[in-house]
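Peer 1: I'd like to ask some things about the structure below.
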Amino acid sequence: MDLVALNSNHWRKIVTLLAKIASPAADDWRQFRDAHLFQATALCFSPQLNPNARWHWIGGKDNLQRFTELQHRARPLADAPDILLDADRHLLLTPYPDYRQLSNALVARIRTALGDLGFYAESGNDFGGAPPTD
């Protein structure tokens, strides 16, 4: 991955967390990270969603504030109020993506919630269908 190779270990940790959450098979996140991660998942920094991504992860309160025109209906997970999901807009809103904020237990909880919403499609790397339309 160019992002990790050209930058710091810090980015490797962020991309690893994203892969652990987005990988269809929880135990195969390394292969998924290296081969498929950014084919259908976007890590958003600019204040617009990627129209080609099926799901978007916006991490950090400061980053979310850049998305002032984003009309989302994200709701917190019952047992993890800092994690919000908007199934209609295909948004995952979390604290800043590092291991202090997103423990393995929280990653597992996010995976369960995403699975309940159909994020991990049965048909391989489909990620729950087409990108959302506004």
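The values are calculated or read from the model by the stated rules, or taken from the named source; none is laboratory data. Predicted model only: the values in this text are computed from it and were never measured. Using ideal geometry, Cβ is built from the backbone for each residue, glycine included, and neighbour counts are taken over all protein chains shown. Heads up: the accessible areas ignore ligands, DNA and RNA and are worked out on the full protein's heavy atoms, side chains in. Shrake-Rupley method; radii C 1.70, N 1.55, O 1.52, S 1.80 Å.
Peer 1: Among the candidates Ala87, Ala78, single out the residue that is free of Cβ contacts under 8 Å to residues at least 24 places away in the same chain and of a type in the set (A, V, I, L, M).
Peer 2: Details: Ala87 fails: free of Cβ contacts under 8 Å to residues at least 24 places away in the same chain.
Residue meeting the stated conditions: Ala78.
Peer 1: All but one of (1) open to solvent by 90 Å² or more (accessible area, probe 1.4 Å); (2) under 15 Å from Ala22 (Cα atoms); (3) at pLDDT 90 or above; (4) of a type outside the set (S, T, N, Q) hold for Glu122; state the number of the condition that does not hold.
Peer 2: The single condition Glu122 does not satisfy is (3).
Peer 1: Go through the range 14-40 and give me each residue that's in contact (Cβ under 8 Å) with a residue 60 or more places away in the chain, among the aliphatic types (A, V, I, L, M) and open to solvent by 10 Å² or more (accessible area, probe 1.4 Å).
Peer 2: Ala26
Peer 1: What about Asp27, is it touching a Lys or Arg at 6+ places or on another chain (Cβ under 8 Å) and closer than 21 Å to Leu114 by Cβ? Quick ask: steps written out before the conclusion?
Peer 2: Values: touching a Lys or Arg at 6+ places or on another chain (Cβ under 8 Å): no; closer than 21 Å to Leu114 by Cβ: yes.
Considered against the rule, which asks whether it is touching a Lys or Arg at 6+ places or on another chain (Cβ under 8 Å) and closer than 21 Å to Leu114 by Cβ, Asp27 comes out as no.
Peer 1: So, one more: Residues of the range 64-105 being over 13 Å from the mean Cα position of the chain (by Cα) and crowded, with 19+ Cβ neighbours inside 10 Å, which ones?
Peer 2: Passing the criteria: only Leu64.
Peer 1: What do you reckon, is Leu43 under 15 Å from the mean Cα position of the chain (by Cα), within 19 Å of His10 (Cβ to Cβ), modelled with pLDDT under 80 and open to solvent by less than 40 Å² (accessible area, probe 1.4 Å)? Spell out how you get there, then give the answer.
Peer 2: Values: under 15 Å from the mean Cα position of the chain (by Cα): yes; within 19 Å of His10 (Cβ to Cβ): yes; modelled with pLDDT under 80: yes; open to solvent by less than 40 Å² (accessible area, probe 1.4 Å): yes.
In short, yes.
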